[in-house]
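Everything on this sheet refers to the single structure shown next.
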Amino acid sequence: MNPLGVQLRASPTRARVLPFAIILGLTFAQESFVGPLRYWLYLAKMLAGVWCILEVRNVTPEVRWAFSWEAVVVGVLVCVVWVGLDPHYPKLQTVAKTETHWNPFEEFGGASALGWFFVAVRTVGSALVVPPIEEAFYRSFLYRYFVKIDFTAMPLSQLHWLSLVVTSLIFGFSHYQWLAGILCGLAYQWLVLRKGRLGDAMTAHAITNFLLGIWVVWKCAWQLW
């Protein structure tokens with residue numbers, strides 16, 4: 001028997017909150033280090049995320065990928081906004097953000113195999129592992145929980161203005177790029193409300209993070225990571 005897996009599946013709340021809490025805790029641990037260990041901890045975090053997703057899959061039926069043209073448009077637009085706004089507002093310095101930008105080539109050597117490996121880990125992890133976990137927590141659990149304790153009884157398509165604003169603010173201020181994060185949270189929640197499902201927001205989130213990863217490496221904009 002897997003005790004942690006049992007805890008993850010013990011209730012609808014735990015299935016959506018504990019994976020996020022595990023990833024958040026590992027992020028704080030990861031950002032407390034500099035040097036190679038920081039990168040290996042990110043890999044461990046992504047592997048833990050994959051395990052969490054698989055463990056709760058049967059008890060989180062809304063956490064399923066879905067494709068739509070709206071998801072593509074939102075995903076691309078959020079990336080453009082994230083990059084475009086970056087130089088124009090002060091960032092939120094948190095304890096989960098080190099002074100050293102994430103740059104595997106600086107750490108392991110220009111064009112080194114390990115450098116490219118960790119670029120791939122970051123890009124793929126942020127596109128395929130992070131979206132299901134964050135969308136399940138913010139857009140499925142938190143948005144509905146603020147309205148109804150028995151949150152699974154609330155349709156994903158139900159609009160509640162105060163919860164929309166509060167959830168997006170929390171999502172935004174959990175990011176170093178807080179302003180882009182708030183707009184991002186509003187856009188992803190709009191997708192959930194419009195489509196009545198979580199999968200489009202997951203896809204948009206994945207597109208945003210993947211394009212952002214390409215931009216970071218192409219333009220050496222490591223501060224965005």
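The values are calculated or read from the model by the stated rules, or taken from the named source; none is laboratory data. Computed from a prediction, not measured in an experiment: that's the story for all the values here. Note: ideal-geometry Cβ built from the backbone for every residue, glycine included; neighbour counts use all protein chains shown. The area values use the complete protein model at the heavy-atom level, side chains included, leaving out ligands, DNA and RNA. Shrake-Rupley method; radii C 1.70, N 1.55, O 1.52, S 1.80 Å.
If you line up the long axis of helix 113-128 against the longest principal axis of the chain, both from Cα atoms, how many degrees apart are they, to the nearest 10?
Once rounded, the angle reads 20 degrees.
Please say if the range 1-108 is rounded, prolate or oblate, where rounded means a/c under 1.5 for a ≥ b ≥ c the square roots of the C-alpha gyration tensor eigenvalues, and otherwise the choice is prolate for a/b larger than b/c and oblate otherwise? Present the calculation step by step, with values, prior to reporting the outcome.
Details: a/c = 2.20, a/b = 1.23, b/c = 1.79.
It is oblate, given that a/c is not under 1.5 and a/b is not larger than b/c.
Measuring from label point to label point, each 7 Å out along Cα→Cβ, what is the residue 33 to residue 58 span in nm?
That separation, rounded to one decimal, is 3.4 nm.
Note down, for the chain, the three equivalent ellipsoid semi-axes (square root of 5 times each alpha carbon gyration tensor eigenvalue), biggest first, whole angstrom.
Working: eigenvalues 157, 90, 48 Å².
Equivalent-ellipsoid dimensions as semi-axes: 28, 21, 16 Å.
So how strong a dipole does the chain carry about its Cα centre when Lys and Arg Cβ are +1 and Asp and Glu Cβ are -1, to the nearest 20 debye? Each step should come with its number before you reach the end.
Values: 17 positive and 12 negative charges, 96 e Å.
So the dipole magnitude of the chain works out to roughly 460 debye.
Give me the distance between the Cα centres of the range 7-62 and the range 109-129, rounded to whole Å.
Cα centres, the range 7-62 to the range 109-129: 18 Å.
Helix 178-195 against the longest principal axis of the chain: what's the angle in degrees, Cα atoms only, rounded to the nearest 10?
Tilt relative to the chain: about 40 degrees.
Positive end of the charge dipole of the chain (Lys, Arg +1 and Asp, Glu -1 on Cβ, about the Cα centre): tell me which of 205, 193, 110 has its Cα farthest that way.
It is 193, whose Cα lies furthest towards the positive end.
Roughly how many percent of the accessible protein surface of the range 136-225 is carbon and sulfur, given a 1.4 Å probe and a whole-percent answer?
Working: 2530 of 3770 Å².
Percent of accessible area from carbon and sulfur atoms in the range 136-225: 67.
Along the charge dipole of the chain, pointing to its positive end and built from +1/-1 on Cβ of Lys, Arg, Asp and Glu, which listed residue (173, 161, 44) has its Cα farthest out?
161
Report the local net charge at residue 135: Lys and Arg +1, Asp and Glu -1, summed over other residues whose C-beta lies under 13 Å from its C-beta. Let's see the in-between values first.
Numbers: positive: 16, 64, 139, 144, 195, 197; negative: 62, 134, 200.
Net of charged neighbours comes to +3.
Using alpha carbons only, how many degrees (0 to 90, rounded to 10) separate the axis of helix 161-173 from the longest principal axis of the chain?
Helix 161-173 sits roughly 20 degrees off the main axis of the chain.
Whole number in Å², please: accessible area per residue of the range 77-182, 1.4 Å probe, ligands, DNA and RNA not counted. Write out the running numbers ahead of the final one.
Numbers: 5000 Å² over 106 residues.
Per-residue accessible area for the range 77-182 comes out at 47 Å².
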